[in-house]
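Below you'll find the structure, written out as structure tokens, and then a few comments.
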Number of protein chains: 2
Amino acid sequence: MTRENSRTPTEAELRILKVLWRKGPATARGVLEILEDQAGGKVGYTTVLKMLQIMEKKELVSVDRSERSHVYSPRVAETPTLRQAVSEFVDRTFGGDPAGLLVHLVRDGRLDERSLEELERSIELLRRSEEEQEDR
Amino acid sequence: MTRENSRTPTEAELRILKVLWRKGPATARGVLEILEDQAGGKVGYTTVLKMLQIMEKKELVSVDRSERSHVYSPRVAETPTLRQAVSEFVDRTFGGDPAGLLVHLVRDGRLDERSLEELERSIELLRRSEEEQEDR
DNA sequence: GCTTTCGTACTACGACCGTCGTAGAAAGGG
DNA sequence: CCCTTTCTACGACGGTCGTAGTACGAAAGC
């Protein structure tokens, strides 16, 4: 399977993107430091740098080379990226039908009350937007 | 990262497992035929065979070699496998918090009205069961 | 019996993934 | 000016993934 050009970021790429989404533009060292903080992740500096360079090639990040320390910024937004990841996962794992996934999720008991409320809000929002479409 | 020994099946492995879950024990050719039926998937016979052999090594399937044509059976059950896949995905993509995933799912507009209603029912059910626990 | 068909075993390959080592440029301190 | 630190660039490596070619034996057909 000739790897499709636009796939979801890999695991390591996503870890880095999350840092950039939270912190905004950062240098390789900046990303490294945050990565090291979280959950015993010992990574080499050059590893992070290489990752960022690869991600630039994939157009996941942009880079400002005007200073000696290059500054990387996310080039993809969080929401669509995650949306695509979900969509791909649903396709691969549940043949494109989200219902099965939902059953697993809700039954897992990992949702707290706040999450449930937000979920209900989302449902209402979706219903309303669909009504609008029908009214047209 | 020394790949953990018990990870979720890969994409191709999952495709094959799905066949075995639906059809029960099958030969390499049997699996191939079903795979070819669905969605223009042209695969080589030896590819499927190799996959099955790898999956045996990973203990995803068991094999009966008493006949010339080896017969493969799934060795992992569907529900826990999918559950694990979901869990891994939630960890990787949403840092272990399923709420974000749900929001994406709902917003994706891939859920029809029936699914939404079922989801709401599940939420209510979950709330009630949690109340019970608190009452104890 | 001889040939054609069908099955498994073995090997390989290209792509990607995550990880670094090392080399060399650049900046800054003394 | 030289030395140390701090960057980037380049290349490599061990692993997995998906795919398949080829070899060879066993079975089946004639």
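For the reader, a short list of remarks on this structure follows.
- Per DSSP, loop GluC sites (Glu not before Pro) in the stretch B:1-90 with at most 16 further Cβ within 10 Å: B:GLU4, B:GLU59, B:GLU67
- Nearest-first distances (nm) between copies at A:THR10, label 7 Å from Cα via Cβ: 1.3
- Whichever lysines have a C-alpha closer than 16 Å to that of A:LYS58, once near sequence neighbours (fewer than 8 apart) are set aside: A:LYS50
- Distance between the stretch B:17-35 and the stretch A:53-89 - C-alpha centres, whole angstrom: 40 Å
- Total buried accessible area between A and B, probe 1.4 Å, nearest 100: 4300 Å².
- Only helical runs count toward this figure. For chain A, summing -39,500 (n - 2.57) over DSSP H runs of n ≥ 4 and dividing by all residues gives -20500 deg cm²/dmol at 222 nm.
- For the stretch A:78-135, the solvent-accessible area with a 1.4 angstrom probe is 56 square angstrom per residue.
- In this Cβ point-charge picture (+1 for Lys and Arg, -1 for Asp and Glu), the protein assembly as shown has a dipole of about 1740 debye about its Cα centre.
- Computed from the Cβ-Cβ distance with R0 of 35 Å, the FRET efficiency linking A:GLU33 to B:GLN84 stands at 0.60.
- Note on A:ARG65: accessible area is roughly 130 Å² with a 1.4 Å probe, heavy atoms of protein only.
- Across chain B, the relative contact order, built from alpha-carbon pairs under 8 Å that are at least six residues apart, equals 18 percent.
- Protein-only accessible surface at a 1.4 angstrom probe places the residues A:THR81, A:THR46 in the order A:THR46, A:THR81, largest first.
- Chain lengthening between A:GLU132 and A:SER69 when straightened (0.36 nm per residue, less Cα-Cα): 17.7 nm
- Extended-chain gain in nm, criterion 0.36 nm per residue less alpha-carbon gap, B:GLU59 and B:TYR45: 2.9 nm
- Sorting B:SER66, A:SER115 by solvent-accessible area of protein heavy atoms yields B:SER66, A:SER115, largest first, with a 1.4 Å probe.
- Across the stretch A:116-123, computed HN-Hα scalar couplings (Karplus, 6.51 cos²θ - 1.76 cosθ + 1.60, θ = phi - 60°) run 4, 5, 5, 4, 5, 4, 4, 4 Hz from first to last residue, x flagging Gly and Pro.
- About the Cα centre, charge dipole magnitude for the stretch B:78-135 (Lys/Arg +1, Asp/Glu -1 at Cβ), debye: 340 debye
- Average beta carbon contacts from partner chains per residue of A:114-123, 10 Å cutoff: 6
- Residue list for the stretch A:41-60, given a label point 7 angstrom along the Cα-to-Cβ vector of A:GLU11 and an amide N cut-off under 14 Å: A:41-42
- The dipole here belongs to chain B: it is taken about the Cα centre, uses +1 on the Cβ of Lys and Arg and -1 on the Cβ of Asp and Glu, and is about 980 debye.
- Sulfur and carbon atoms: percent of accessible area, the protein assembly as shown [1.4 Å]: 46 percent
The values are calculated or read from the model by the stated rules, or taken from the named source; none is laboratory data. Bear in mind the structure is a predicted one, so any value in this text is a computation, not a measurement. Glycine also receives a Cβ, built like all others from the backbone with ideal geometry; neighbour counts cover every protein chain displayed. Only protein heavy atoms, including side chains, enter the accessible area calculation; ligands, DNA and RNA are left aside. Shrake-Rupley method; radii C 1.70, N 1.55, O 1.52, S 1.80 Å.
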